[in-house]
1. Quickly run through the range 242-270 and pick out the residues that are among the charged types (D, E, K, R) and assigned to a helix (DSSP H, G or I).
2. Can you tell me which residues in the range 365-393 are hydrophobic (A, V, I, L, M, F, W, C) and farther than 14 Å from ASP313 by Cα?
3. Can you name the residue in the range 415-429 that is open to solvent by 10 Å² or more (accessible area, probe 1.4 Å) and in contact with a Ser or Thr (Cβ under 9 Å, 6 or more places away or on another chain) and is also nearest to ARG304 (Cα to Cα) among such residues?
4. Among the residues in the range 208-219, are any within 14 Å of the ligand (Cβ to nearest atom) and more than 30 Å from LYS426 (Cα to Cα)?
5. Right, PRO203: out of contact with any helix residue (DSSP H, G or I) (no Cβ under 9 Å at 6 or more places or on another chain), assigned by TED's automatic domain parsing to the domain that holds LEU51 and farther than 24 Å from HIS272 by Cβ or not?
6. Quick one: would you say ARG425 is part of a loop (DSSP other than H, G, I, E, B) and among the charged types (D, E, K, R)?
7. Starting from the range 87-105, take each residue that is at positive phi and list its partners that are modelled with pLDDT of 90 or more, counting only C-beta distances under 6 angstrom and pairs at least six apart or across chains.
8. Please indicate, with yes or no, whether at least one residue in the range 172-184 is in contact with a Leu (Cβ under 8 Å, 6 or more places away or on another chain), surrounded by fewer than 20 Cβ atoms within 10 Å (Cβ to Cβ) and of a type in the set (Val, Ile, Thr).
Amino acid sequence: MADARPFHWEYQEPPVQREAVRVEGGRPLKGEVAVSGSKNAALKLLAAATLTGERCRFTNVPEIADVRVMVETLRDLGVVVDHPAANTYEVAAGDVDWLFVPLEAAAKMRASFILLGPLLARFGRVIISNPGGDRIGRRPVNLHVEAMKRLGAEISYKNGYYFARSPGRLRGGDVQFPSVTVMGTENAILAAVLADGHTSIRPAAQEPEIDDLIDFLRKMGADVTRSAPDVIEVEGRRRLRGADHRVTPDRIEAGTFMIAAAVTGGDVMLRHAPTSQLGAFLEVLDRVGVSVTPDGESIRVQGRSGAEYEATDIETAPYPGLATDLQPPTAVLLTRASGTSRIHEAIFEDRLEWLAELGRMGADVDIVDDHHATVTGPSTLRGCELEMSDLRAGASLILAALAADGESLIHGAHQVRRGYENIERKFLDLGARIAHVSEG
Ligand code: UD1
């Protein structure tokens, strides 16, 4: 035999098309940019449309890879999804052919697990892949599964799949999470709206995307109330109807462009900015010394040049605290600030590793452990060849490259396309030198 090594029958992600982004840094970004619809809201809204057989219509949906994955996953189930115009999607889940969400969907996008609650509640059963595979510790879904069990579901786990069923309608109940979870809260709501009786969810996550979902569910006829900041009450209904909804703007995309203006010493006006959702982040920018002027649905950010920013310590937290998704962009800003800033990433244990790439650009970073790092500045960043490890780290490397001297080539650009609509186009319109490079 030519190769005596044992073959491992493990799922391997199919090779993604290699793409890169080329950036020539050092140009202040200037002009206006419109904030797109929120990724984290749109994905849950599309899933919520399976709660009814009637047509639902969504506008301001971001044209991003994660939305395409959700749409394909729904179509594979037999749900009709039309895309009549850019940023508009219509979903009709009259009949479904399969109640099976495969590993392919879960491997591409963890958020596919949000289909557990609505499919189980409406159809009484679903087989759904564990997005974390069998890995322990990183991104588990145990809290979602426990919540469904509280609502009367029977769930077993075999070969990487959850087999969930409910003998009759789900039953309302008290869902008590041991810690705050965004999608866990959403899955519980999406199951409870069609359950028999009353459900209370606590502590309920307070992210604005959840309130956008609640707004839509109410239009469908659901009875959902946030009775206290961290308590959500649901009175189950037998049926829900179709509804139209405009997706809320993406606060994470808004924050990313604000940092772009700040680190390039630019002057950028954001349109459709969700200012009221950015409180903790705006406080950080204020401490660092970035000039931010909100005006209704617009925010103007005027950056400074040189070492005029001040170091500050940041800590991520569930909403209304500083979003973990804005921690990587903020770290780029801290490389421009005088002094040592401490970063405490309190939510996830894999969100500081990418700082090593920032270090290769000349930033003075020290990754203390999975949850702590320091950044000492100001550093002069220099362009180099980089690799995106995930969506938010990827966007942050682009920000660093925009601020750096010289040219950067950033591989793995499919990561950033998962969650940012037209990112290169938007930066080009602000005067950046940025190009998409296909690597075959
Ligand atoms: C969502 C967002 C993500 C954001 C995160 C935190 C979507 C699609 N994604 O992710 O962009 O960074 O909120 O704001 O909306 N946990 C468990 N067991 C579970 C579920 C979560 O232990 O069953 C842990 C996680 O590992 C993490 C913490 O709880 O440490 C919070 O995670 P969670 O709020 O659930 O994040 P997501 O909803 O997955």
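The values are calculated or read from the model by the stated rules, or taken from the named source; none is laboratory data. In this text the structure is predicted, and so the values were computed from the model without any measurement. Note: ideal-geometry Cβ built from the backbone for every residue, glycine included; neighbour counts use all protein chains shown. Heavy atoms of the whole protein, side chains included, go into the accessibility calculation; ligands, DNA and RNA do not. Shrake-Rupley method; radii C 1.70, N 1.55, O 1.52, S 1.80 Å.
1. Keep residues of the range 242-270 that are among the charged types (D, E, K, R), which gives 244, 246, 250-251, 253, 267.
ARG251, GLU253, listed by residue number.
2. The answer is ILE367, VAL368, LEU381, CYS384, LEU386, MET388, LEU391, ALA393.
3. Residues of the range 415-429 that are open to solvent by 10 Å² or more (accessible area, probe 1.4 Å), as a first pass: 415, 417-418, 421-422, 424-426, 428-429.
With the extra rule that they be in contact with a Ser or Thr (Cβ under 9 Å, 6 or more places away or on another chain), the set shrinks to 415, 421-422, 426.
On the way: GLN415: 29, GLU421: 27, ASN422: 26, LYS426: 21 Å.
Looking at residues that are open to solvent by 10 Å² or more (accessible area, probe 1.4 Å) and in contact with a Ser or Thr (Cβ under 9 Å, 6 or more places away or on another chain), I get LYS426.
4. Taking every residue of the range 208-219 in turn, none turns out to be within 14 Å of the ligand (Cβ to nearest atom) and more than 30 Å from LYS426 (Cα to Cα).
5. Details: out of contact with any helix residue (DSSP H, G or I) (no Cβ under 9 Å at 6 or more places or on another chain): no; assigned by TED's automatic domain parsing to the domain that holds LEU51: yes; farther than 24 Å from HIS272 by Cβ: yes.
For PRO203, the condition - out of contact with any helix residue (DSSP H, G or I) (no Cβ under 9 Å at 6 or more places or on another chain), assigned by TED's automatic domain parsing to the domain that holds LEU51 and farther than 24 Å from HIS272 by Cβ - is not met.
6. Working: part of a loop (DSSP other than H, G, I, E, B): no; among the charged types (D, E, K, R): yes.
No.
7. Every condition considered, the pairs that remain are ASN87/ASN60; ASN87/VAL61.
8. The answer is no, given that none of the residues of the range 172-184 is in contact with a Leu (Cβ under 8 Å, 6 or more places away or on another chain), surrounded by fewer than 20 Cβ atoms within 10 Å (Cβ to Cβ) and of a type in the set (Val, Ile, Thr).
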